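A.B. asks: Here it is: the structure, laid out below.
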Amino acid sequence: MKVVTIVGARPQFIKAAPLSRALRQAAIQEFLLHTGQHYDYGMSQVFFDELGLPEADINLNVRSGNHGQQTGQMLIEIEKVLLQQKPDAVIVFGDTNSTLAGALAAVKLHIPVAHIEAGLRSFNRQMPEEHNRVLTDHCADLLFCPTETAVKNLSKEGLTAGVHLVGDPMYDAVLLFSQAAEQKSRILETLSLQPRGYLLATIHRAYNTDDPQTLSALFHILQSLKETVVVPLHPRTRQKLADLGLLGASAHSNLRLIEPLSYLDMLVMEKNARLILTDSGGVQKEAYFFAVPCLTLRPETEWVETLTDGWNTVVGLNPAKIHHHVHSVTPPSTPPQPVFGDGRAAEKIASILYNQSARR
Ligand code: UD1
Ligand code: UDP
């Protein structure tokens, strides 16, 4: 069996790492297509170097652009590759423009689409991610869900065929790489930080970064917290802060604005934070895996399981709420529950793919 796996953005390299291993173990031939949506070393190549991902077989170098231009360019180029490679299935991850372009290119060529992280919903149609995931799910033949909530969401949209509850490959990745992170990362020493002696924040959602007033308000909230806040800056956020003249403003404050971290460094930073503030999907989950309290800087979350027992709290950009939680939060007494699978999601996906192709 031969698959084309489509990746393009940071979280997709991380999800692809355990899957790529599992595909090799199942003797499934993989052609790895990188759309080039993310291209800085720290947003792309570092993950290939660190996580043992094979080098991409092709990089389309599509890079940044408006949604239509970026997605359209990917669609044109992916179609060419699929016509040439003739895979038995195309694998796409999550909810980025690379995901949608891959799913559309494949479904129009009648190539089965396998969507990993199917069924997630924010029910917020302002988010480009929501368009991408809804459309991708409706193109997909195999819908690999990380949680029971995702299965229910699909069922409400009439999608029940080809749905498999397998768990979350991001949990697989955390189990796979945590030990290496502990052994290899020196990030706490490099940043002179003590375990539980800092807050960790990440911000990159379009609705938090693209409106100057919103981003400025968020920046000032973080700056008003009375302890060290380490912020590995997504390039989108760095650019927007620079446009607002706010990058220099952090020099003598509690904010440590740093370059994006490698995955191993990020795992160590998450595990040792007193509290995480984020608008990232992946980071919310990792906070839960590591039992670190999290505040979600969004109006809602797709990862509703993380809200259980107060491990994660949706605070939006409400300064009073954020201050209240930052100052009062203590880890809940009930530990996080194993709602994201057993760490073998990638193995299960590979096995289902293999069996499906054997049946055709
Ligand atoms: C994308 C995904 C988002 C995902 C995120 C993961 C879409 C619509 N959004 O958002 O769902 O959560 O990736 O990180 O697909 N840039 C660089 N260098 C890079 C990459 C980006 O400078 O290597 C800058 C460019 O100015 C670009 C901006 O970041 O315009 C946004 O990049 P883009 O890939 O369009 O969206 P993300 O915000 O990264
Ligand atoms: N991540 C990383 N370095 C960073 C920030 C995030 O390695 O500086 C990892 C993080 O641990 C998680 C993934 O990137 O595994 C989340 O990606 P991101 O926040 O970009 O996207 P989202 O999950 O919101 O789609």
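A.B. asks: Using 1/(1 + (r/R0)^6) with R0 = 22 angstrom and r between the beta carbons of A358 and E55, what's the FRET efficiency to the nearest 0.05? All intermediate terms of the calculation are to be shown ahead of the outcome.
C.D. replies: Values: r = 29 Å, r/R0 = 1.31.
After rounding, the FRET efficiency stands at 0.15.
A.B. asks: What is the packing order of peptides 5-15, 341-351, taking the mean over residues of other C-beta atoms within 10 Å and listing the highest first? Each step should come with its number before you reach the end.
C.D. replies: Details: 5-15: 26.5, 341-351: 21.4.
The packing order, highest mean first, is 5-15, 341-351.
A.B. asks: OK, next. For segment 36-47, just list the computed ³J(HN,Hα) in residue order, Karplus coefficients 6.51, -1.76 and 1.60, θ = phi - 60°, integers in Hz, with x standing in for Gly and Pro.
C.D. replies: Per residue, the Karplus-derived 3J(HN,Hα) values read x, 4, 9, 9, 4, 3, x, 9, 9, 4, 4, 6 Hz.
A.B. asks: What nm distance separates the two modelled labels at K152 and D342, each placed 7 Å from Cα along Cα→Cβ?
C.D. replies: 2.3 nm
A.B. asks: Between S64 and K86, what is 0.36 nm times their sequence separation minus the Cα-Cα distance? Round to one decimal in nm. Provide the component values of the computation, followed by the final result.
C.D. replies: Details: separation 22, 0.36 × 22 = 7.92 nm, distance 2.76 nm.
Value of the extension gain: 5.2 nm.
A.B. asks: Would you list E286, E77 from fewest to most Cβ contacts within 10 Å?
C.D. replies: Working: E286 24, E77 19.
By the 10 Å Cβ count, ascending: E77, E286.
A.B. asks: Something else about it: What is the distance, in nm, between label points placed 7 Å from the Cα along the Cα-to-Cβ direction at N124 and at T214?
C.D. replies: 0.7 nm
A.B. asks: Need one word for segment 188-320: rounded, prolate or oblate. Basis is the Cα gyration tensor (sqrt eigenvalues a ≥ b ≥ c); a/c below 1.5 gives rounded, then a/b vs b/c decides.
C.D. replies: Numbers: a/c = 1.61, a/b = 1.15, b/c = 1.41.
Note, shape of segment 188-320 comes out oblate.
A.B. asks: Starting with the fewest neighbours, write out Y171, Y39 ranked by other beta-carbon atoms found within 10 Å of each beta-carbon. Numbers along the way, then the final one.
C.D. replies: Numbers: Y171 24, Y39 17.
Placing the least packed residue first, the sequence is Y39, Y171.
A.B. asks: Right, another one. Ranking C294, C145 by Cβ neighbours within 10 Å, fewest first, what do you get? Could you put the intermediate results ahead of the total?
C.D. replies: Numbers: C294 32, C145 26.
The order, fewest Cβ neighbours first, is C145, C294.
A.B. asks: Here is a further query. Mind running the shape call on segment 14-163? Use the C-alpha gyration tensor, a ≥ b ≥ c as the square roots of the eigenvalues: rounded below 1.5 for a/c, prolate if a/b tops b/c, oblate otherwise. Intermediate values should be presented prior to the final figure.
C.D. replies: Numbers: a/c = 1.41, a/b = 1.24, b/c = 1.13.
In terms of gyration-tensor shape, rounded.
A.B. asks: Same structure again: How would you order 135-144, 48-57, 113-122 from highest to lowest mean count of nearby Cβ atoms within 10 Å?
C.D. replies: Values: 135-144: 21.6, 48-57: 16.4, 113-122: 24.7.
Ranked from most to least packed, the peptides come out as 113-122, 135-144, 48-57.
A.B. asks: A further question follows. How far is helix 319-328 tilted off the main Cα axis of the chain, in degrees rounded to 10, range 0 to 90?
C.D. replies: Taking the Cα atoms of the chain, the angle to 319-328 is about 80 degrees.
A.B. asks: Next question, about the same structure. At R0 = 25 Å, how high is the FRET efficiency between H131 and V304 if r is their beta carbon distance? Nearest 0.05 is fine.
C.D. replies: On the way: r = 20 Å, r/R0 = 0.80.
After rounding to 0.05, the efficiency reads 0.80.
A.B. asks: Which residues among segment 79-116 fall inside the zone where the amide N is under 15 Å from a point 7 Å beyond the Cα of A206, along Cα→Cβ?
C.D. replies: From segment 79-116, the list is 95-101.
A.B. asks: Moving on to the next point. Under the classification rounded if a/c is under 1.5, otherwise prolate if a/b is larger than b/c and oblate if not, where does the chain fall, given a ≥ b ≥ c as square roots of the Cα gyration tensor eigenvalues?
C.D. replies: Values: a/c = 1.68, a/b = 1.54, b/c = 1.09.
The shape class here is prolate.
A.B. asks: On to the next question. Give the separation of the Cα centroids, segment 79-150 to segment 12-76, in Å.
C.D. replies: 15 Å
A.B. asks: Considering amide H positions built from the backbone, and no H for Pro or chain starts, which residues 5 or more places from T202, or on another chain, come under 5 Å of its amide H?
C.D. replies: Excluding prolines and chain starts, which carry no amide H, the hits are L277, T278, D279.
Here, each number is a calculation from the coordinates, and none is a lab measurement. Every value quoted in this text rests on a predicted model; they were computed, and no experiment measured them. When we count neighbours, we look across all protein chains shown, and the Cβ atoms used for this are built from the backbone with ideal geometry, even at glycine.
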